[in-house]
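Colleague: What follows is a single structure, and I will ask about it in a moment.
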Amino acid sequence: MTELNDDVLFYIFQDLYYLITSNSNNEKKYKKSLYFCLFVNKHWYEIMVPILWSYPYKHVYKKESLFNIIISHLSDNSIKFLKDKNIIEANFQKQKLSFKYIKFCRYLNDIHKIFPIRSSNLLKEKIYKLFISECSSIKSLSSEMVCYPILKYPGANISLSNLYELDFKSGRLNDYHELAQICRSIEKIYIDLSRPNITELIEMQKQIKYIYVKEDDNCEKIDQALEKHANSIVLLNLTIYTKNGSFLYDLLLPKLSNLQYLRINNMESKCILKHVIHLNYYNLQVLDLVEVSLDIAINIIQNTNGNLWKIKIRCHADYDRIKEYDQTIHQYCPNIKYVTVFLNDETLKELEKIFIKCQHLVAIDVLENFSSSEYANKLLNLLVDLAPLTLYRLHIDFITNFNREYLKLFFTNWNRKGRKTLHLYHLCDYLRERLVVKNIRELEYYNDDFWNHRITMLNDEKND
């Protein structure tokens with residue numbers, strides 16, 4: 001048998017890593033598969049180690065073990081210094097390392113969690129300096145790391161030159177000007193608009209694609225800096241805390257011609273976002289709205305180009321707009337896969353049309369708590385008779401309203417149709433024991449991954 005060369009094996013393992021880690025359910029089921037690759041032979045081990053160590057904290061089983069491996073990269077003089085200062089135990093022995101593992105680290109988002117409780121700042125500084133000096137291509141930083149003078153550490157101009165992601169919200173990095181001279185490749189940013197000193201850094205980037213904004217104040221300079229990237233921005237995740245409306249909507253949103261993902265969390269529900277209604281969202285694929293009125297959701301959907309495949313709504317429903325909302329789904333979303341719908345006596349007909357017209361449905365999120373089992377039974381009949389064969393995820397919070405015998409009949413009929421095993425999702429773990437259907441074996445329970453909502457940008461990163 002012809003052996004695959006190193007490059008081919010590396011890309012196979014990297015794709016396997018991405019497929020497993022980009023979905024939390026897959027990660028739970030198949031995480032060990034990544035480690036089994038280490039034990040096939042030395043060749044596979046040498047290829048797999050850099051992939052697993054690219055995000056060290058993500059795959060840790062014991063934080064203490066990871067910490068001991070990382071600290072073993074320090075020089076003997078540094079270890080002696082830390083012992084003399086009683087920062088680490090006097091009997092600590094460096095581990096013999098097969099690789100210089102730390103040089104493979106790229107994603108350091110959670111690396112601060114490896115430290116023992118009440119670790120000294122001196123110990124952390126030693127470790128962070130080690131990362132900066134030894135890692136050749138850091139993609140993301142821990143929020144705690146940016147509180148240290150990392151730009152002064154040896155090697156910062158190299159290790160941070162390919163920085164991909166930066167959180168401006170939690171860190172206290174003061175010298176954004178110096179960072180702007182080092183890195184020009186940041187594509188994913190977390191910001192709040194009360195930090196005007198980040199303007200230059202935003203302007204200096206080649207293309208920013210993913211923006212997570214907490215807007216509790218208006219900052220025209222930051223808005224103008226973001227405008228430079230209007231053509232490259234594909235994701236906008238906006239949390240609004242101001243009563244005066246969103247400044248970003250007036251200046252930025254109308255110019256985001258390539259926007260594919262829009263999430264609005266309107267924490268200040270009195271903020272009326274009427275000005276988003278008449279914008280065109282021709283490339284929009286994912287819409288996620290929290291505390292945004294249904295009339296705005298309807299208008300956004302109607303101004304898309306049929307590319308939406310995921311719509312998530314979390315709001316106090318406008319009862320007089322529920323039917324119109326469900327109508328909008330089957331009229332404007334032929335490619336929808338994941339969708340929130342509302343159910344009452346007026347919407348059963350619209351839900352029937354959704355099942356008929358939306359033939360790519362994978363998951364349906366049914367909102368509206370009702371007391372009548374009549375509507376619950378009609379929903380089950382619609383699912384069996386009309387739901388497309390692609391559908392296998394159901395999120396429904398009022399499951400306790402269903403009759404046990406009717407549910408058993410439903411699952412029998414579902415299986416006779418040759419459908420996939422139905423996955424039922426709910427919000428609360430305690431319901432797992434209380435649900436009236438807990439003894440129905442055909443039912444599988446999931447509680448954390450219905451939306452598969454964790455947005456992973458590794459499609460761009462893995463080609464670096």
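The values are calculated or read from the model by the stated rules, or taken from the named source; none is laboratory data. Keep in mind that what you see is a predicted model, and the values were worked out from it rather than measured. Cβ coordinates were reconstructed from backbone atoms using ideal geometry, including for glycine residues, and neighbour counts include every protein chain displayed.
Rundown of residues vs (1) modelled with pLDDT of 80 or more; (2) surrounded by 16 or more Cβ atoms within 10 Å (Cβ to Cβ); (3) in a helix (DSSP H, G or I), yes/no style:
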| site | (1), (2), (3) |
| --- | --- |
| VAL366 | yes, yes, no |
| ASN369 | no, no, no |
| LEU409 | yes, no, yes |
| TRP414 | yes, yes, yes |
| HIS453 | no, no, no |
| THR456 | no, no, no |
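Colleague: Separate question: Being within 24 Å of CYS135 (Cβ to Cβ), surrounded by fewer than 16 Cβ atoms within 10 Å (Cβ to Cβ) and either among the basic types (Lys, Arg) or modelled with pLDDT of 80 or more (or both) is true for just one of TYR57, TYR11. Which residue is that? Steps first, answer last, please.
Modeller: Details: TYR57 fails: surrounded by fewer than 16 Cβ atoms within 10 Å (Cβ to Cβ).
The match here is TYR11.
Colleague: Tell me, yes or no, whether the range 104-118 has at least one residue that is touching an Asp or Glu at 6+ places or on another chain (Cβ under 8 Å) and among the charged types (D, E, K, R).
Modeller: Within the range 104-118 (the criterion being touching an Asp or Glu at 6+ places or on another chain (Cβ under 8 Å) and among the charged types (D, E, K, R)), the answer is no, since none of the residues qualifies.
Colleague: Give me a count of the residues in the range 59-86 that are farther than 30 Å from LEU166 by Cα, part of a loop (DSSP other than H, G, I, E, B) and touching a Phe, Trp or Tyr at 6+ places or on another chain (Cβ under 9 Å).
Modeller: Qualifying residue count, the range 59-86: 0.
Colleague: Let me ask another. Please work out if ILE102 is more than 26 Å from the chain's Cα centre (by Cα) and closer than 21 Å to PRO56 by Cα.
Modeller: Considered against the rule, which asks whether it is more than 26 Å from the chain's Cα centre (by Cα) and closer than 21 Å to PRO56 by Cα, ILE102 comes out as no.
Colleague: Only one of (1) of a type outside the set (Gly, Ala, Ser); (2) within 33 Å of the chain's Cα centre (by Cα); (3) modelled with pLDDT under 80 is not met by VAL384, so which one is it?
Modeller: So VAL384 meets the others, but not (3).
Colleague: Further, regarding this structure: Looking only at residues in the range 316-360 that are outside any helix (DSSP H, G or I) and among the hydroxyl-bearing types (Ser, Thr, Tyr), which one is surrounded by the most Cβ atoms within 10 Å (Cβ to Cβ)?
Modeller: Residue satisfying both the conditions and the ranking: THR340.
Colleague: Hey, another quick one. Name every residue in the range 387-407 that is modelled with pLDDT under 85, surrounded by 16 or more Cβ atoms within 10 Å (Cβ to Cβ) and of a type in the set (D, E, K, R), in order of residue number.
Modeller: ASP397
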